[in-house]
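This structure is in structure tokens; I'll ask about it shortly.
The values are calculated or read from the model by the stated rules, or taken from the named source; none is laboratory data. Quick caveat, the model's predicted, so the values are computed rather than measured. Positions of Cβ are backbone-derived with ideal geometry, glycine not excepted, and every protein chain shown enters the neighbour counts. For the accessible areas, the whole protein counts, side chains as well, though only heavy atoms, and no ligand, DNA or RNA atoms are used. Shrake-Rupley method; radii C 1.70, N 1.55, O 1.52, S 1.80 Å.
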Amino acid sequence: MSDQTATADIDSRLEEHRVELTGYCYRMLGSAFEAEDAVQDTLVRAWRNFEKFEGRSSLRSWLYRIATNVCLDMLNAGKKRARPVDLTGPTPLAQAALNPRSQDTWLEPMPDGRILPSVTDPAEAAVARESVRLAFVAALQHLPPKQRAVLILREVLAWKASEAAELLDTSVASVNSALQRARATLAEHAGQIADTADPLDAEQRKLLDRYVAAFEGYDMAALTALLHEDAVMTMPPFDLWLRGHDDITGFMVSIGASCEGSRLVATEANGTPAFAHYKPNPDGPGFVPWAVQVIDISEGAITGLHCFLDTPRWFPLFGLPDHLDAGAA
């Protein structure tokens with residue numbers, strides 16, 4: 001085998017693991033771009049040291065070991081990502097003000113295709129989707145980094161305790177203890193995880209169709225009927241968040257009134273339905289990017305509307321166009 005062929009073979013074998021490694025690093029770091037940087041670092045380190053890989057473990061296990069070390073190094077600064085609901089209480093509409101916080105404060109959305117590898121087992125697919133929901137990834141941020149790694153390896157990826165212990169250079173007893181503590185912490189912070197089916201069932205599709213019609217028509221009565229009475233709306237990078245359909249729709253017809261006449265384009269993020277939100281172009285025809293909306297659905301109602309506004313970052317990540325023509329439906 002020529003050197004060029006051997007290099008291509010190594011590249012191909014490493015690249016096969018990119019999506020699942022990105023999902024792992026995303027759960028660890030809570031940042032789309034840091035996760036992709038961590039995976040790129042992992043694959044570069046693996047490529048440079050491939051001749052030292054002796055096959056005593058699987059290539060997949062070896063890559064997870066490298067990725068874990070990369071993530072633990074990145075988390076040494078002690079930073080953790082959050083949602084607005086993790087930092088403050090809800091703001092009454094009368095006191096609503098848009099105060100931005102720095103980019104590295106926020107838990108970030110992630111396209112499903114970058115973090116959810118194709119699997120044939122429906123139960124495995126369901127666990128993978130649930131484990132990238134915003135609420136779950138936010139809860140993970142409350143765990144110390146090594147507990148975070150243990151919980152993901154054991155609960156999400158279904159590794160044996162002995163396998164996790166070997167990866168982390170620790171004992172099985174230590175892994176089991178860390179998992180017990182992590183479960184207890186997670187139970188305190190996870191809250192309600194959206195229950196969206198995969199694929200969407202008929203009722204969920206109808207709910208989302210009605211949501212699009214209500215939002216694009218800016219019909220607040222119709223929107224109120226779709227929102228749970230305790231629904232939450234967040235808008236990173238602003239720390240403001242609103243609770244309840246009255247405050248949400250009240251915001252939309254006051255501070256958010258410029259969204260009237262918008263268009264929504266379906267996408268997927270964090271294992272749940274999502275939409276690219278385009279506002280009418282204030283400088284000409286058509287529509288311009290405004291937000292990626294990640295939607296939480298539970299018990300037949302919309303319980304969360306998470307609007308990520310930093311569109312120069314999110315729309316390229318999601319492969320979304322930077323303009324919609326005036327005739328877009």
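Suppose we keep only residues that are of a type in the set (S, T, N, Q) and assigned to a loop (DSSP other than H, G, I, E, B) within the stretch 144-178. Which one would you say is farthest from the chain's Cα centre (by Cα)?
If we take residues in the stretch 144-178 being of a type in the set (S, T, N, Q) and assigned to a loop (DSSP other than H, G, I, E, B), then 171 is farthest from the chain's Cα centre (by Cα).
While we're here: Evaluate the following for residue 70: is it assigned to a helix (DSSP H, G or I), among the β-branched types (Val, Ile, Thr) and open to solvent by 30 Å² or more (accessible area, probe 1.4 Å)?
For residue 70, the condition - assigned to a helix (DSSP H, G or I), among the β-branched types (Val, Ile, Thr) and open to solvent by 30 Å² or more (accessible area, probe 1.4 Å) - is not met.
Under the condition of being touching a Gly at 6+ places or on another chain (Cβ under 6 Å) and assigned to a helix (DSSP H, G or I), which residue from the stretch 93-143 is farthest from residue 156 (Cα to Cα)?
Here the answer is 93.
Go through 209, 219 for me and flag whichever is out of contact with any Pro (no Cβ under 9 Å at 6 or more places or on another chain), modelled with pLDDT of 95 or more and closer than 16 Å to residue 252 by Cα.
219
Please state which of the following conditions residue 273 fails to meet, knowing it meets all the rest: (1) assigned to a strand (DSSP E or B); (2) open to solvent by 20 Å² or more (accessible area, probe 1.4 Å).
(2)
While we're on this one: From the set of residues in the stretch 288-320 that are touching a Phe, Trp or Tyr at 6+ places or on another chain (Cβ under 9 Å) and without any contact (Cβ under 8 Å) to a residue 40 or more places away in the chain, which is most open to solvent (accessible area, probe 1.4 Å)?
Only one residue fits best here, namely 290.
If you don't mind, another one. Out of 220, 235, which single residue is among the hydrophobic types (A, V, I, L, M, F, W, C) and open to solvent by less than 20 Å² (accessible area, probe 1.4 Å)? Don't jump to the end; show me each part of the working.
Numbers: 220 fails: open to solvent by less than 20 Å² (accessible area, probe 1.4 Å).
Being among the hydrophobic types (A, V, I, L, M, F, W, C) and open to solvent by less than 20 Å² (accessible area, probe 1.4 Å) holds for just one of 220, 235, which is 235.
Given the residues 116, 72, 98, which is the only one that is closer than 17 Å to residue 232 by Cα, among the hydrophobic types (A, V, I, L, M, F, W, C) and touching a residue at least 60 places away in the same chain (Cβ under 8 Å)? Don't jump to the end; show me each part of the working.
On the way: 116 fails: closer than 17 Å to residue 232 by Cα; 72 fails: closer than 17 Å to residue 232 by Cα.
Matching residue, one of 116, 72, 98: 98.
Of the residues 103, 147, which is of a type in the set (S, T, N, Q), exposed (fewer than 15 other Cβ atoms within 10 Å of the Cβ) and either under 17 Å from residue 34 (Cα atoms) or at pLDDT 95 or above (or both)?
103 is the lone residue from the list that is of a type in the set (S, T, N, Q), exposed (fewer than 15 other Cβ atoms within 10 Å of the Cβ) and either under 17 Å from residue 34 (Cα atoms) or at pLDDT 95 or above (or both).
Just checking, does the stretch 31-40 include any residue being of a type outside the set (A, V, I, L, M, F, W, C), within 24 Å of residue 308 (Cα to Cα) and touching a Lys or Arg at 6+ places or on another chain (Cβ under 8 Å)?
First pass over the stretch 31-40, keeping only residues of a type outside the set (A, V, I, L, M, F, W, C): 31, 34, 36-37, 40.
Subset that is within 24 Å of residue 308 (Cα to Cα): 31, 34, 36-37.
Filter once more, keeping what is touching a Lys or Arg at 6+ places or on another chain (Cβ under 8 Å): 31, 36.
Within the stretch 31-40, one or more residues are of a type outside the set (A, V, I, L, M, F, W, C), within 24 Å of residue 308 (Cα to Cα) and touching a Lys or Arg at 6+ places or on another chain (Cβ under 8 Å).
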